[in-house]
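Below: one structure, written as structure tokens.
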Amino acid sequence: MDIRNAVAVVTGANRGLGRHFAAQLLERGAAKVYAGVRNPSSVDLPGVVPLALDITDPDSVARAAEAAADATLLINNAGISTHVGLAGGDMSDIRLEMETHFFGSLNVTRAFAPVIAANGGGGILNVLSVLSWAHYPNYGGYSAAKAAELAMTNVTRQELAPSGIDVTALHVGYMDTDMADYVDGSDKVDPAWVAGLALDGVQDRALEVVADDKSRTVRSALSGDLANLYPGLPATR
């Protein structure tokens with residue numbers, strides 16, 4: 001789709017990758033950018049339209065879709081990471097991961113898809129992760145939720161295509177944002193660069209954008225022996 005003159009809604013747009021998305025959309029000529037956040041007063045980016053939006057609250061999502069009735073592009077970016085395990089972790093944290101990444105993103109997609117279709121079609125970009133494919137104990141809840149969000153992305157892409165809506169998946173590992181402030185800097189990529197690459201993918205109607213070397217390595221390993229992803233476990237047969 002054409003980014004120029006698009007009307008975009010970016011969830012979690014007040015910081016990190018979401019803020020870069022909002023800024024670059026404006027730079028690329030988007031007609032309007034809604035910054036969807038739980039607290040609109042936290043939005044400090046000139047030129048965007050603050051939009052009250054809690055993706056885990058269906059009523060908030062419905063109100064946001066009514067307020068942004070001119071939207072043609074949705075970026076499902078809002079997320080959390082509780083670092084909860086699955087076998088012994090707190091179930092409330094596991095549910096929070098699912099409510100945010102899967103049910104939250106699905107609620108926003110369901111609310112905005114009719115809006116985008118009514119405006120002549122457009123696009124949806126879902127911010128996924130390398131952990132949509134590779135799953136580890138320190139990220140049990142996050143991995144499960146992102147894997148579910150990947151499945152949602154693949155299904156809604158097919159369901160929404162007849163309405164003229166493209167659905168693009170973004171896969172990326174650690175970025176230099178607050179969410180990954182505990183990670184060594186050499187293992188992180190620039191979120192501004194990732195945002196630009198992802199928007200290029202939306203422009204080109206790409207099915208997926210694999211943004212960094214870590215994600216590309218994991219993506220290629222999926223066609224081989226899974227023991228390469230999980231050292232110490234038996235080889236597949």
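The values are calculated or read from the model by the stated rules, or taken from the named source; none is laboratory data. Just so it is clear, the structure is predicted and the values come from calculations on it, not from any experiment. Cβ atoms come from the backbone with ideal geometry, glycine included; neighbour counts cover every protein chain shown. We work out accessible area using only protein heavy atoms, side chains counted, and drop any ligands, DNA or RNA first. Shrake-Rupley method; radii C 1.70, N 1.55, O 1.52, S 1.80 Å.
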Legend entry - Meets criteria (open to solvent by 30 Å² or more (accessible area, probe 1.4 Å), at pLDDT 95 or above and part of a helix (DSSP H, G or I)) for Glu66: yes
Inset, instruction - Kindly check whether there is at least one residue in region 15-27 that is acidic (Asp, Glu) and either open to solvent by less than 60 Å² (accessible area, probe 1.4 Å) or not in a helix (DSSP H, G or I) (or both). - result: no
Inset, instruction - Check off (1) in a loop (DSSP other than H, G, I, E, B); (2) of a type in the set (Ser, Thr, Tyr); (3) open to solvent by less than 20 Å² (accessible area, probe 1.4 Å) for Thr100 and give me the number that stays unchecked. - result: (1)
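For the structure I just gave you, tell me whether Val84 is assigned to a loop (DSSP other than H, G, I, E, B) and either closer than 25 Å to Gly173 by Cβ or at pLDDT below 95 (or both).
Working: assigned to a loop (DSSP other than H, G, I, E, B): yes; either closer than 25 Å to Gly173 by Cβ or at pLDDT below 95 (or both): yes.
Yes; evaluated as a whole, the condition is true for this residue.
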Inset, instruction - Search region 201-221 for residues being in a helix (DSSP H, G or I) and β-branched (Val, Ile, Thr), and hand back the single one that is nearest to Asp2 (Cα to Cα). - result: Val202
Inset, instruction - Determine if region 1-12 includes at least one residue that is closer than 15 Å to Asn76 by Cβ, open to solvent by 20 Å² or more (accessible area, probe 1.4 Å) and modelled with pLDDT under 95. - result: no
